[in-house]
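First comes the structure, then the notes that go with it.
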Amino acid sequence: MSESIIDRIQPPLNHLPPQFNPWVLRSIQFVLPWWLRYRCGISKVETHNVENLARLYRQFQQRQIRLLLAFRHPSTNDPFSMAHLLWNAVPKAAKREKIALKSPVHCHFMYDRGIALWAGKMTGNLFSRLGGTSIQRGKLDREGLKCARNLLVDGRFPLALAPEGGVNDHSELMSPLEPGLAQLAFWCLDDLYKANREEQVAIVPIGIRYSFVQPPWEKVDALLTTLENDLNLAPISVPANTPPEMIRYRQLLRIGQALLGLMEAFYVQFYDITFPELPEVEDVNQAFSQRLHRLLEAALNVSESYFKITPKGTFLDRCRRLEQAGWERIYRSDIDTLSPVECGLGNWIAEEASLRMGHMRIVERVCAVTGKYVREKQTAERFAETLLILWKVINWIKTGIVGDRPDLGAQAAALTVGEPLWVNERWSQYKKSRRNAVSELTQDLQTALQELMDS
């Protein structure tokens with residue numbers, strides 16, 4: 001994953017529409033088992049309640065319903081886990097339950113337009129031929145929304161998307177859901193009614209969770225040492241007979257505090273940031289969380305002041321607007337009309353915008369960190385997830401790229417299909433108050449996904 005500094009203006013970011021190709025799908029289906037095991041490190045995929053999804057697919061294929069698949073998004077491996085669910089588990093469950101399904105069992109899907117930037121043009125082409133449609137999250141992407149709306153109403157397959165809006169790197173901690181999925185569902189229902197169609201609209205929550213086949217404590221310890229070395233921290237000194245989990249926790253907390261201290265000093269020295277005093281608290285984790293929140297606020301302010309953006313919304317909301325502001329300076333719709341001198345000046349602006357977006361990238365990568373996630377439950381999974389977040393930030397600061405994450409061991413993925421939320425039942429509420437209906441549906445979906453995550 002490369003996100004190095006961009007020092008040249010680029011052509012505009014056009015919408016990437018779906019151009020489904022069944023031969024591409026078959027090729028990727030053939031490669032998927034190998035990719036899951038050797039590229040994602042997932043040696044086992046467990047699926048639960050898949051029969052319900054098979055029945056819903058049957059109803060979809062019989063044009064009785066339109067279907068939205070709302071999946072949790074803890075990892076960049078989620079699309080491949082979802083592919084296993086649809087391409088393998090659903091057909092097997094359908095065969096077992098004698099549910100007749102037409103092949104292929106597949107889905108259209110929405111993805112962030114930025115993926116085709118850091119993953120490469122080939123990835124964008126592949127996603128398009130698999131039936132995906134791009135969306136720019138930091139602005140009102142009318143073309144992307146129109147395409148998604150059309151797919152939901154008339155697409156050959158159901159539409160899948162992650163309502164969290166992005167990866168949060170936590171299998172057991174969910175980010176607040178964005179309202180876009182609920183709004184799409186109501187738009188679909190509106191379009192169906194206007195066309196005098198009788199299909200129902202269903203949202204199916206799908207939980208995704210990862211665990212290690214064997215707790216990789218030796219690799220966790222090695223990564224802890226690597227991060228300590230990156231920060232010039234001496235080996236930790238602890239009393240004899242201290243339990244290993246306590247030693248690891250102290251190492252993790254010390255790494256976080258050291259990185260936090262370096263970043264605070266960086267912003268004070270080079271950006272004239274004055275950090276407000278924080279109330280004294282006895283809980284070291286609460287103090288860390290308060291300092292982290294204060295640092296992220298400062299980092300966003302550095303970017304927002306440059307782009308002249310008023311702070312509004314959650315950290316992730318602000319990150320999306322900053323990303324879009326940077327893209328507008330880099331990916332220029334007027335690039336073909338510029339003189340050589342104007343191109344040169346544009347290059348200056350592009351490079352500076354790219355640099356200023358770096359502050360936002362730090363926030364984007366760590367805003368889900370709570371300060372208590374590991375303390376509450378000191379499992380290998382929680383240690384690993386938090387360590388990998390720190391590793392991504394540190395490696396990106398050191399090298400300018402994230403790169404492939406360290407291999408901590410084989411994982412198992414567990415996908416659980418929840419009960420559908422029927423949107424038609426909420427139509428009268430939507431006609432009375434669109435905002436309240438969208439908000440309530442989003443909250444109900446959040447609750448459903450939370451229950452799947454906790455089960």
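Counting only residues at least eight positions apart within a chain, or on another chain, the aspartates and glutamates with an alpha carbon under 16 Å from that of Lys95 are Glu51.
Net charge dipole, the chain: roughly 1640 debye, given to the nearest 20, about the Cα centre with Cβ charges of +1 for Lys and Arg and -1 for Asp and Glu.
Computed on the chain, with alpha-carbon pairs under 8 angstrom and 6+ residues apart, the relative contact order is 29 percent.
Run the accessible area of region 314-356 with a 1.4 Å probe and give the carbon-and-sulfur part as a rounded percent.
Roughly 56 percent, rounded to a whole number.
Mean sequence separation of contacting Cα pairs (under 8 Å, at least six apart), scaled by the length of region 86-202, corresponds to a relative contact order of 21 percent.
Once backbone amide H atoms are built at 1.01 Å from N, Val45 has Ala413 as its partners under 5 Å, excluding neighbours fewer than 5 places away on the same chain.
For the pair Lys121 and Asp7, what calculated FRET efficiency results from E = 1/(1 + (r/R0)^6), where r is the Cβ-Cβ distance and R0 = 30 Å, to the nearest 0.05?
Using R0 = 30 Å, I get an efficiency of 0.95.
Within the shell of other residues whose beta carbon sits under 12 angstrom from the beta carbon of Leu145, the net charge comes to +3, with Lys and Arg scored +1 and Asp and Glu -1. Please list, by residue number, everything in region 241-255 whose backbone N is under 15 Å from a paramagnetic label point 7 Å out along Cα→Cβ of Leu233. Hits in region 241-255 for Leu233 at 15 Å: 245-255. Amide H to amide H, with H built 1.01 Å from N, Arg113 comes under 5 Å of Ile135, Gln136, Arg137, counting only residues 5 or more places away or on other chains. Site pair Cys343 and Thr310 shows an inter-label distance of 3.9 nm when each label is modelled 7 Å from Cα along Cα→Cβ.
With θ taken as phi - 60° and the Karplus curve 6.51 cos²θ - 1.76 cosθ + 1.60 applied, the whole-hertz 3J(HN,Hα) list for region 155-164 is x, 5, 10, x, 10, 10, 7, 9, x, 6 Hz, x standing for glycine and proline. Measuring spread by the Cα atoms of region 236-286 yields a radius of gyration and Dmax of 14.8, 45 Å. Once the 1.4 Å probe is applied to the protein heavy atoms, the chain comes out at 49 Å² accessible per residue. If one computes P(r) from the Cα atoms of region 174-267, what percent of pairs lie at distances over 20 Å? Result: 64 percent of Cα pairs exceed 20 Å.
Cα-based radius of gyration for region 63-165, normalised by 2.2 N^0.38 Å, reads 1.13. Think of the chain as a dipole: +1 on every Lys or Arg Cβ, -1 on every Asp or Glu Cβ, centred on the Cα centre; then among Thr133, Ala222, Gly358, Thr133 lies furthest on the positive end.
Counting only residues at least eight positions apart within a chain, or on another chain, the lysines with an alpha carbon under 29 Å from that of Lys121 are Lys139, Lys146, Lys392, Lys398.
Each peptide in 320-327, 271-278 gets a packing score, the mean of other Cβ atoms within 10 Å over its residues, and the list from highest to lowest is 320-327, 271-278.
Looking at region 18-88, the pairs of alpha carbons with a distance over 16 Å make up 58% of the total. Taking all protein chains as they are arranged and a probe of 1.4 Å, the heavy atoms of Arg405 leave approximately 120 Å² accessible to solvent.
Between Arg26 and Gln429, the contour length at 0.36 nm per residue exceeds the Cα-Cα span by 140.8 nm.
If you stretched the chain out fully between Gln64 and Trp422, how much longer would it get, using 0.36 nm times the residue separation minus the C-alpha to C-alpha distance?
That pair, Gln64 and Trp422, stretches by 127.6 nm at full extension.
For the chain, the share of DSSP beta bridges that are antiparallel, to the nearest 5, is 30%. Once R0 is set to 41 Å, what does the formula 1/(1 + (r/R0)^6) return for the Cβ-Cβ distance between Thr242 and Gln290, expressed as a FRET efficiency to the nearest 0.05? After rounding, the FRET efficiency stands at 0.90. Per-peptide packing, taken as the mean over residues of other Cβ atoms within 10 Å, places 286-293, 190-197, 386-393 in the sequence 386-393, 286-293, 190-197 from highest down. Structural descriptor for region 101-153: relative contact order 36 percent, calculated from alpha carbon pairs under 8 angstrom and at least 6 residues apart.
Under the 0.36 nm per residue contour assumption, what length would be gained going from the current alpha-carbon distance of Arg254 and Thr225 to full extension?
Numbers: separation 29, 0.36 × 29 = 10.44 nm, distance 1.16 nm.
That works out to 9.3 nm of additional length.
The values are calculated or read from the model by the stated rules, or taken from the named source; none is laboratory data. These numbers were taken from a predicted model, which means no experiment stands behind them. FYI the Cβ positions are ideal-geometry reconstructions off the backbone, even for glycines, and counts take in every protein chain you see. Side chains are part of the model used for accessible areas, which takes the heavy atoms of the whole protein and leaves out ligands, DNA and RNA. Shrake-Rupley method; radii C 1.70, N 1.55, O 1.52, S 1.80 Å.
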